[in-house]
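Working notes for the structure below.
The values are calculated or read from the model by the stated rules, or taken from the named source; none is laboratory data. The structure presented is a predicted model; accordingly, all values stated were derived computationally and were not measured. Heads up, the Cβs are rebuilt from the backbone with ideal geometry, glycines too, and the neighbour counts pull from every protein chain shown. Accessible surface is based on the protein model in full, side chains and every heavy atom, while ligands, DNA and RNA are left aside. Shrake-Rupley method; radii C 1.70, N 1.55, O 1.52, S 1.80 Å.
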Amino acid sequence: MTAANLFGTNLVAMVTPMNPDGSISLPGLTNLVDHLLTTGADGLVVAGTTGEAPTLTDAETTKLIQAVATQANGRAKVIAGIGTYDTATTIHRAHAAEAAGADALLLVTPYYSKPTQAGVLAHCRAVADATTLPVMLYDVPHRTGLALSPTTIAELATHPRIHAIKDAKGDLPEAMTLMATTSLAYYCGIDDLNLPYLAAGATGLVSVTANLTAGPNAALLDAIRTSDLPTAQAIHRSQIPTTTALTTSQGAPNTKAALAELGVIPHATVRLPLLEGRRLHGALAASPSRHSLEV
């Protein structure tokens, strides 16, 4: 199967809706998933960075995956974030995600401990060996303190269950070389770079702003598929105000604030050490795609 069949192409790095007391809001989650499915998302990334994964308990993560998988019911792939800095814990979370109904796994490089590239290679292989689910690597060195080297990426690409990479490194020349020399599917993980990555051959997007802009992202993907560069450029430019507003700091707080402002989720609550984001009505009103954000 192709990466598009395994993961989708228009993926959303979902926020985790919460009540004012910090507990997970299941009604908010239901409304968010419905919003994303009806606006064009075909992949839902649960318990990733934007989902505040470091603050979620194992039980909460399992509940999230089960709820999203049940509601999606095959209409979108459910990709579970499972990565930690401990291989045994990551394998445990991979097993739990598989049992909870995830379609695929998002595996971030071990953070904080900063292992060698050989250690990262062994870690990723051990996790991929542990389940039957397809794996998307996640290269985000500005968060983990550790980048995947091109050699490590190329070696991991030979694993039968490692099919894709979410690239939040932003090194487009490196990505283009690896797209050309490996079978690994690339997914852009930096919303500012969605157009250049897709134009260079990326398979899809894993987008924070897609919590609000899954529709424009779907249109961008369609424009690239049909080689309509002027339309792709126009769509990308129309999203700059929203992208700037949501990603000038940690993505979850501002994205939740915008979703609450639009009535998609009931509250903008985040868990400490994050602080609640600012209301974004000015930036949203300035966006030419304002109509696409209405719910």
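One table, with the values for the structure above:
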| read-out | value |
| --- | --- |
| Rounded to the nearest 10 Å², the accessible area of H92 at probe 1.4 Å | 100 Å² |
| Potential extension, Y112-D228 segment - 0.36 nm per residue separation minus Cα distance | 37.5 nm |
| Nearest-20 debye value, the chain charge dipole, Cβ charges on Lys, Arg, Asp, Glu | 140 debye |
| Heavy-atom accessible area ranking, 1.4 Å probe, most first, across K114, K169 | K114, K169 |
| Accessible area of the chain divided out per residue, in Å², using a probe of 1.4 angstrom | 39 Å² |
| For peptides 75-81, 8-14, sequence by mean Cβ density within 10 Å, most packed first | 8-14, 75-81 |
| Cα-based shape type of the chain, given that a ≥ b ≥ c are square roots of the gyration tensor eigenvalues and the cut on a/c is 1.5 | oblate |
| For the chain, with +1 on Lys and Arg beta carbons and -1 on Asp and Glu, the positive-most of I165, S207, H267 along the dipole | H267 |
| Surface share of carbon and sulfur [accessible, 1.4 angstrom probe, percent] for the chain | 57 percent |
| Calculated from backbone phi, Karplus (6.51, -1.76, 1.60) coupling profile of region 200-217 in Hz, x at Gly/Pro | 7, x, 4, 6, x, 10, 10, 10, 6, 5, 5, 3, 10, 10, 4, x, x, 5 |
| The chain: relative contact order as a whole-number percent, Cα under 8 Å and 6+ apart | 19 percent |
| Accessible-area ranking of Y85, Y112, largest first, probe 1.4 Å | Y112, Y85 |
| Value of relative contact order over region 1-135, rounded to a whole percent, pairs C-alpha under 8 Å and six or more apart | 23 percent |
| Relative contact order (%) - criterion: Cα under 8 Å, at least six apart; region: region 133-230 | 21 percent |
| Gain upon complete extension [L275, T55; 0.36 nm per residue less C-alpha separation] | 77.9 nm |
| Spatially near lysine pairs across the chain, Cα under 29 Å, sequence gap of 8 or more or different chains | 10 |
| Extension gain, S183 back to A154 (0.36 nm per residue minus Cα-Cα distance, nm) | 9.6 nm |
| Model label zone, T70; criterion: amide N under 19 Å from point 7 Å along Cα-to-beta-carbon; scope region 26-40 | 26-37 |
